[in-house]
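Have a look at the structure below, then the notes.
The values are calculated or read from the model by the stated rules, or taken from the named source; none is laboratory data. Predicted, not measured: the structure shown is a model, and the values here were computed from it. Counting neighbours? That spans all protein chains shown, and the Cβs are built from the backbone with ideal geometry, glycine included. Keep in mind that these areas ignore ligands, DNA and RNA; they rest on the heavy atoms of the full protein, side chains included. Shrake-Rupley method; radii C 1.70, N 1.55, O 1.52, S 1.80 Å.
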Amino acid sequence: MSGNTQTRETVLVVEDDRGHRELLAEELGEAGYAVTAVASAEDAEQVLAQHAFSLVVSDLRLPGADGFQVLEATRAQAPAPGFIMLTGFGTIDQAVTALKAGADEFLTKPVDLDHLRLAADRVTEARQLKAEVRRYREVLAQGDGFHGMQGSSPAMLRLFDLIRRIAVADGSVLITGESGTGKELVARALHAESPRAEGPFVAINCAGIPEALLESELLGHVAGAFSGARGARRGLFTEADGGTLFLDEIAEMPTAMQSKLLRLLQDGRVRPVGSNEEIATNVRIVAATHQDLQTHIAEGRFREDLYYRLETFRIEIPPLRERGEDVERLALQFLREQSLARGLPERRLSPEALRALLRYPFPGNVRELASLMERAATLAAGEVIEPRDLPERVFEQAGNAPAATGAADTADAPVPGVADDSQWPTLEEREREYIQRVLEHVGGNKQRAARILGIGRKTLYRKLGETDPT
Ligand SMILES: Nc1ncnc2c1ncn2[C@@H]1O[C@H](COP(=O)(O)OP(=O)(O)OP(=O)(O)O)[C@@H](O)[C@H]1O
Ligand SMILES: [Mg+2]
């Protein structure tokens with residue numbers, strides 16, 4: 001959004017002739033603009049320093065400093081308001097100079113009021129488009145994001161910051177979060193941000209390896225250590241020497257192995273299976289799980305002492321449904337990746353499709369969103385992803401999403417058993433209630449609330465009786 005979007009677009013009129021000034025102000029006011037009018041360049045500068053405007057309409061010839069000075073003052077604003085210069089007959093040269101100096105349009109006096117309206121609309125619309133393009137550029141500029149992780153929600157920005165700080169500390173890290181939230185990406189980012197970045201990053205999925213093999217996999221073995229162990233083998237601990245060892249699905253590690261791991265972490269020495277010798281290693285441990293380790297500890301399936309040893313630092317990744325801002329960014333990123341990988345045209349999300357995604361609770365988190373976008377990119381008929389390109393469950397679940405369930409108890413069965421008509425709430429009251437519920441659900445994030453409600457942010461502010469502060 002542009003920096004100064006208010007309920008109405010704002011215009012500053014600078015014109016010394018009082019009659020003309022009032023005429024311009026009235027015309028623009030009728031066209032729907034919120035108008036401020038001043039008589040000199042000096043006054044204009046003062047007002048510009050304090051308020052953001054969408055558009056400045058200034059006479060070229062003013063007493064004292066002229067319209068060029070006003071133009072210069074508007075150029076100094078970020079984002080700069082649009083600018084329309086009003087020039088007298090026979091001053092075309094100056095009009096051209098004004099355009100070169102950054103004015104968007106010029107109109108010759110006496111000003112044709114229809115032309116003025118058209119020009120004002122054209123300039124403010126172009127400015128809105130520019131702001132939108134700028135926003136998309138920012139999204140694109142983030143590109144690979146933080147070590148492959150996209151996210152601009154406050155929660156993700158905090159996460160990136162935490163990763164940077166923990167990365168340099170070298171203690172072990174436990175990463176928790178639901179399935180598909182990006183635990184592996186966080187582990188890789190921790191490594192990449194750490195002083196060990198040049199060293200190896202070795203990952204092992206503790207759930208994917210038979211119990212009998214896990215020990216030799218991690219610690220290595222000497223030749224003939226057990227049946228099937230032909231040659232000697234370096235374990236992953238040794239391979240990760242000088243780098244990071246990522247123990248994924250740590251909750252699935254058998255308890256016997258947990259004890260060995262604990263001992264190893266305490267003295268930093270590895271004894272390969274069948275060997276009498278210990279090898280010193282220098283490995284940073286990063287572990288991850290989507291399980292609740294406290295429950296595993298309570299049930300005797302996970303060693304509490306190992307838990308504390310692993311959890312020098314803890315990183316908890318919030319589920320996707322709690323960071324709605326990231327849904328759009330991630331969806332666009334996945335669509336772009338699909339387009340690049342498969343030579344498909346660039347795809348966008350229709351507002352309806354985006355709204356559906358924002359209501360969906362994503363039990364499979366980011367991984368699920370990625371697969372939804374892969375599917376949608378395949379099914380979409382044109383360059384816009386429509387709700388029909390999303391699977392049925394997105395809409396079924398939407399009814400159960402917090403945003404919708406919260407609303408159900410107010411929206412359904414309004415006031416049972418009340419005969420008196422005046423006891424029934426008005427549509428406006430109901431609407432206000434619903435808006436408040438949605439706002440609560442999104443923690444006051446108006447942009448997200450507006451998306452869920454299917455209205456523009458401006459409209460939302462109007463309904464709340466507030467002025468858009470940005
Ligand atoms: N913030 C993100 N930005 C971009 N891609 C992401 C992000 N988070 C996750 N992904 C992608 O989502 C998928 C799942 O991530 P990952 O494998 O790290 O999840 P996980 O938390 O380890 O899940 P599980 O518990 O099921 O193993 C991967 O393809 C990953 O690249
Ligand atoms: Mg994983």
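Does at least one position in region 21-28 carry a residue that is of a type in the set (Gly, Ala, Ser) and either in a loop (DSSP other than H, G, I, E, B) or within 34 Å of the chain's Cα centre (by Cα) (or both)? Taking every residue of region 21-28 in turn, none turns out to be of a type in the set (Gly, Ala, Ser) and either in a loop (DSSP other than H, G, I, E, B) or within 34 Å of the chain's Cα centre (by Cα) (or both).
Do we have any residue at all in region 255-274 that's under 35 Å from the mean Cα position of the chain (by Cα), assigned by TED's automatic domain parsing to the domain that holds His191 and open to solvent by less than 20 Å² (accessible area, probe 1.4 Å)? Looking through region 255-274, none of the residues is under 35 Å from the mean Cα position of the chain (by Cα), assigned by TED's automatic domain parsing to the domain that holds His191 and open to solvent by less than 20 Å² (accessible area, probe 1.4 Å). Among the residues making up region 233-244, those that are under 36 Å from the mean Cα position of the chain (by Cα) and either away from ligand 1 (no atom under 16 Å from the Cβ) or among the aromatic types (Phe, Trp, Tyr) (or both) are Ala240, Gly242, Gly243. State whether the residues of region 168-184 include one that is open to solvent by 60 Å² or more (accessible area, probe 1.4 Å), more than 15 Å from ligand 2 (Cβ to nearest atom) and more than 23 Å from Asp305 (Cα to Cα). Yes, region 168-184 contains at least one residue that is open to solvent by 60 Å² or more (accessible area, probe 1.4 Å), more than 15 Å from ligand 2 (Cβ to nearest atom) and more than 23 Å from Asp305 (Cα to Cα).
The single residue among Pro110, Pro195 that is assigned by TED's automatic domain parsing to the domain that holds Gln291, out of contact with any Pro (no Cβ under 6 Å at 6 or more places or on another chain) and more than 30 Å from Ala232 (Cα to Cα) turns out to be Pro195. Scanning region 317-372 for residues that are surrounded by fewer than 21 Cβ atoms within 10 Å (Cβ to Cβ), within 17 Å of the chain's Cα centre (by Cα) and of a type in the set (Gly, Ala, Ser) yields Ala356, Ala370. Applying the condition of being open to solvent by 20 Å² or more (accessible area, probe 1.4 Å) and out of contact with any helix residue (DSSP H, G or I) (no Cβ under 7 Å at 6 or more places or on another chain) to region 204-220 and asking which residue is nearest to ligand 1 (Cβ to nearest atom) yields Asn205.
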